[in-house]
Structures are given as structure tokens and as C-alpha cells.
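Notes follow once the structure below has been shown.
The values are calculated or read from the model by the stated rules, or taken from the named source; none is laboratory data. None of these values were measured; they are calculated from a predicted model. No Cβ is skipped: glycine too gets one built from the backbone with ideal geometry, and neighbour counts run over all protein chains shown.
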Amino acid sequence: LRIHAAELLVVRLPLKFRFETSFGVQTEKVVPLLVLHGDGVQGLSEGTMEFAPMYREETIVGALHLLREVFLPRLLGQTFANPEALHDALGSFRGNRMARAMVEMAAWDLWARMLNVPLGTLLGGRRNSVEVGVSLGIQPDEAATVDVVRRHVEQGYRRIKLKIRPGWDVQPVRAVREAFPDIRLTVDANSAYTLADTGRLRALDEYGLTYIEQPLAWDDLVDHATLQGRLRTPLCLDESVASAQDARKGLALDAGRVINVKVARVGGHAEARRVHDLAQAFGAPVWCGGMLESGVGRAHNIHLSTLPGFTLPGDTSSASRYWETDVVNEPLEAHDGLMPVPTGPGIGVTLNRDFVERIAEVQEEFHP
Ligand code: OSB
Ligand code: MG
């Protein structure tokens, strides 16, 4: 695995919908893309850190700085035994897992393409399609919520997740549950609550939710454990799991009973697989979360979701939901709630170079 050169591209994609969560409103997505050039093949990845540190602490500018000045200079011109060895070359750096994951994930794609196998197969996955649900932003009122849920249920999505925040929780859940008594329904608070809201969260126990995602602080496990002891509904950890060690502590404490695995949040595919394996050992289901990825990150997510412990539908919905034009040539579309795994080596998608270079706000090349 020799790294001859690298490219960084940053594009801005307008979202087709207004995505409101407990931490703000999003109408576009800034997508940093990394291309690693190996022996006759290229590996692709996407950064999922955001413009502002609202979800977790990493930012796009911070990641670009690290890639340009710290990570890429250590990798260019070097040879590694495999993607994990390449990731180990960055092992002395703390935190910044999403930035490091950009390098690691591109290395996995490159490695799988060199070996001419789909990435999912290389990771140990055995599925050719994965079950998907959809994550729906906060709507203006209950009627609009029921309406948007209906449209996505009709499209076949296998789980509906509603974003909630204090003051907008029981009302939308009650309205949706009355209209759709049998759907698999979940909520995601993105850390908007504290233990003082226990009563409000307990009220959600009436609605048969599959789980409540990350109600409490992004860096907390202890209060989540207290809350889990007071609820019937399982908690699902998202923000507060940045590693397999965090997953072990969270499951051992009973801070949650389900884990949302986001490959970049935990630092890449190798660590995501360790989270998966650990959750399996605890008998806890996992599912693959999303960060409104373009086709590059979406394809990575689909491949990871082929591992056997991903027994709940992920957030990796159809690319056409998000944008008019994607950065990859291949359509990533779910049918009846099943997303086909792109066939072909690596992540199985190719960059739409014409489109990406036309709209790129950053386009840089790196050589040893
Ligand atoms: O908490 O899962 C989350 C998007 C951005 C940041 C955090 C989250 C999300 C989503 C969207 O829920 C999932 C998707 O459609 O990609
Ligand atoms: Mg979440």
C-alpha cells in the first residue's frame, strides 16, 4: 500500500430539504473529499466533520489543516502493509478521529481496489443489500410531521427517526404513532436534554419507540446510565461513542442498549468493526448512522453495514433525497427500504470529476 500522491477537494452541495435538529438548521452540506493515489488505483473518502463544531468538536477547517500540515506529509511516498498500519502511523496524535478517518477510509478503499474486492467483503460483510431508514428533521407542526413521515413510509423506509428537542418531543411522537401504529419509530435528541428532563423522556415510554438516541450530553456516559435505569425504552448512543473503548464502557454501564456506529466518528473502518464486534459480544444491536454524506461517504457506510451485527436499519437513505447531483457517478438508491451494496472493487463508486472540479472551492494536490 504505497501512497504516491493525494488530492483534497471541497465542494458545497445545496440540500433538497431544510434539516432542523436540536442544534440548528442545515440547508447545505460542505463536503471535504480526499483522494489517495496508490499503484495504479485511487482511494476515496469524505470528511464528516462539520463547518461548526455542533455535533462533535471537529471542524472542516481544523481537518484541512491537519491533513495538509500534519497527516499527509507523514504518509506521502511511504509504503504500508495494510490500512491499519497506515492508520497506526497517525497513532501518536490525539482525538481528531474524523480527520484521521478520512485517511484511513481512503486507504481501505485503495486497499480493496488493489485486491479487487468490494470493501464490505474485505471487512467481513456478507450482504448484497442493507436495510435503511430515514432521519427526519424537526417540522413546523404535527400535521407537517405526519405528512413527511407518510411520504417516507410510502417509499418503503424500514424505520422512521424523528429529531426532537425539549418542547418538541411527545407531541410529534404521539401524532406519528396515532397515524402509524405499527411502524418502527425512533427519536434523536442530539444531546439536548439533561437528567432534569427525566419526566419528559419517561413520557416517551408510552409510544413503543425502538430506542431514544443520544438524549444527554455528547461526552457523557454516566448520566445516560442513570436515565436508562429510569426508562423502559432502550437508549441508543451516538455522539458519546468515539471508540470501541467508549462502546465497552457504555454497554458495561448500561448507559445504552443500542449503538449508532458512524465510521468517521470512531476513527475509521477498523475501529468501527471493533465497535461492532464488541456490541455483538454484549448482545447489543448496532446500526449505521449518517452525517448527510455525499455518495463517497454514503458508499463507505453501505459497505460497513454489510457486517452481521448491523441488525437495525441505518440512516443511509437514497442519495436523491439529499441532492439534485451527487459527487459520484453511480446512483445510490434504496428500493422498498433496501439499499443495494455497490458492486465492483472498493466502495464501488467513482468520482464525477467534471462536476466536482467545476464546483470545487478547494482543489489541492500533494506529492512527497
Ligand atoms: O445525530 O445522527 C445524527 C446528521 C448530522 C449530524 C448528526 C446526525 C445526523 C442525522 C442525519 O441524523 C442522518 C442522515 O440522513 O445522514
Ligand atoms: Mg444521532
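Selection of the range 18-39 for residues being surrounded by 18 or more Cβ atoms within 10 Å (Cβ to Cβ) and among the charged types (D, E, K, R) yields GLU20, LYS29. The single condition among (1) under 18 Å from GLY95 (Cβ atoms); (2) over 18 Å from the mean Cα position of the chain (by Cα) that TYR207 does not meet is (1).
Taking the range 154-166, which residues are surrounded by fewer than 18 Cβ atoms within 10 Å (Cβ to Cβ) and either more than 20 Å from VAL25 (Cβ to Cβ) or modelled with pLDDT under 95 (or both)? The answer is GLU154, GLN155, GLY156.
Quick check: anything in the range 246-261 more than 24 Å from ALA203 (Cβ to Cβ), in a loop (DSSP other than H, G, I, E, B), within 14 Å of ligand 1 (Cβ to nearest atom) and in the same structural domain as ALA196 (by TED's automatic domain parsing)? Among the residues of the range 246-261, not one is more than 24 Å from ALA203 (Cβ to Cβ), in a loop (DSSP other than H, G, I, E, B), within 14 Å of ligand 1 (Cβ to nearest atom) and in the same structural domain as ALA196 (by TED's automatic domain parsing), which makes the answer no.
Residues of the range 205-221 include at least one that is away from ligand 2 (no atom under 16 Å from the Cβ), in a helix (DSSP H, G or I) and touching a Leu at 6+ places or on another chain (Cβ under 9 Å).
For the criterion of being at pLDDT 95 or above, in contact with an Asp or Glu (Cβ under 7 Å, 6 or more places away or on another chain) and surrounded by 15 or more Cβ atoms within 10 Å (Cβ to Cβ), ALA175 passes. Cβ-Cβ contacts under 6 Å between residues 6 or more apart (or on different chains), taken from a first residue in the range 338-350 that is surrounded by 22 or more Cβ atoms within 10 Å (Cβ to Cβ) to a second residue that is among the charged types (D, E, K, R) and outside any loop (DSSP other than H, G, I, E, B), are listed as GLY346/ASP109; GLY346/ARG113; ILE347/ASP109. Of all residue pairs spaced 6 or more apart or on separate chains, those with beta-carbon atoms under 9 Å, a first member in the range 87-107 that is closer than 16 Å to LEU1 by Cβ and in a loop (DSSP other than H, G, I, E, B) and a second member that is aromatic (Phe, Trp, Tyr) and at pLDDT 95 or above are ALA89/PHE71; ALA89/PHE80; LEU90/PHE71. Taking the listed residues ALA284, ALA272, the one that is among the small types (Gly, Ala, Ser) and part of a loop (DSSP other than H, G, I, E, B) is ALA284, with no other qualifying. Go through the range 236-254 and count every residue that is within 15 Å of ligand 2 (Cβ to nearest atom), more than 18 Å from the chain's Cα centre (by Cα) and of a type in the set (A, V, I, L, M, F, W, C). Result for the range 236-254: 0.
Would you mention how many residues in the range 222-238 are polar (S, T, N, Q) and either within 14 Å of ligand 1 (Cβ to nearest atom) or in a loop (DSSP other than H, G, I, E, B) (or both)?
1
Of the strands (runs of 3 or more DSSP E) lying entirely inside the range 1-70, those containing at least 2 residues that are in contact (Cβ under 8 Å) with a residue 12 or more places away in the chain, of a type in the set (A, V, I, L, M) and out of contact with any Lys or Arg (no Cβ under 8 Å at 6 or more places or on another chain) are 5-21, 24-37. On the stretch given as the range 115-149, residues that are loosely packed, with under 14 Cβ neighbours inside 10 Å, among the basic types (Lys, Arg) and modelled with pLDDT of 95 or more total 0. Within the range 71-86, the set of residues being assigned to a loop (DSSP other than H, G, I, E, B), surrounded by 15 or more Cβ atoms within 10 Å (Cβ to Cβ) and among the aliphatic types (A, V, I, L, M) comprises just one member, LEU76. Note on the range 271-309: residues that are more than 12 Å from the chain's Cα centre (by Cα), within 16 Å of ligand 2 (Cβ to nearest atom) and surrounded by fewer than 24 Cβ atoms within 10 Å (Cβ to Cβ) total 1. Every listed requirement among (1) in contact with an Asp or Glu (Cβ under 6 Å, 6 or more places away or on another chain); (2) more than 27 Å from ARG165 (Cα to Cα) is met by MET49 save one, (2). Considered as a group, the residues in the range 180-195 that are under 8 Å from PRO215 (Cα atoms) and in contact with a strand residue (DSSP E or B) (Cβ under 8 Å, 6 or more places away or on another chain) include one that is farthest from ligand 1 (Cβ to nearest atom), and that residue is ALA192.
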